[in-house]
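To start, the structure itself, in structure tokens.
What follows is calculated from the coordinates using simple rules that are stated; it is not laboratory data. Please read these numbers as outputs of a predicted model, since none were measured by experiment. All Cβ positions, even for glycine, are placed from backbone atoms using ideal geometry, and neighbour counts span all protein chains on display.
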Amino acid sequence: DCVFGWVGREVASDAARSRDARETLAAFGKRLTRDRFPIPSLKIVTEGSSQARYVVSRLAPGHVDAEHEQNVWFPPIAALAPEARKKLMASFLPTEEPSFALWMRGLGLRIREAGDDDVTLAMGGGEVGVGFNTQIV
């Protein structure tokens, strides 16, 4: 188990702000994990660093999903022009980590589009609809 803190490039460029951000993240991380056992490690990463690339490639590797799945799970991507989308997809690091959709399929669940605003996960006879506003129907 690990908790990640993220220091953005703009904050990291100022030594005093970076130090303050790291101290704040460390204190917040300790508060978040104080009642957990085993206590997860805390890693604070800076945008653009190798550690940040590690985090980004593993947190939400939705870029490995099919285009229609990306459009459902990340609606702003659907609005991108083809060249902008291609550039965005090329900016992600290669990963062997499964996306949420791949992980769900690995559990024997199928994901089908139920409309522009929701996705239905079906297993056996039951279905669960998950909307982007996190309502479960």
Subject >> Amide H contacts of residue 44 (H built 1.01 Å from N, under 5 Å, at least 5 apart or other chain) >> reply: 5
Original post:
With a ≥ b ≥ c the root eigenvalues of the C-alpha gyration tensor of region 4-107, is it rounded (a/c under 1.5), prolate (a/b larger than b/c) or oblate?
Top reply: oblate
Original post:
Name the GluC sites (Glu not before Pro) in region 48-98 that are in a loop by DSSP and that have at most 11 other C-beta atoms within 10 Å, would you?
Top reply: 96
Original post:
How long are the semi-axes of the ellipsoid equivalent to region 1-58, from square roots of 5 times the Cα gyration tensor eigenvalues, in whole Å, largest first?
Top reply: 21, 15, 6
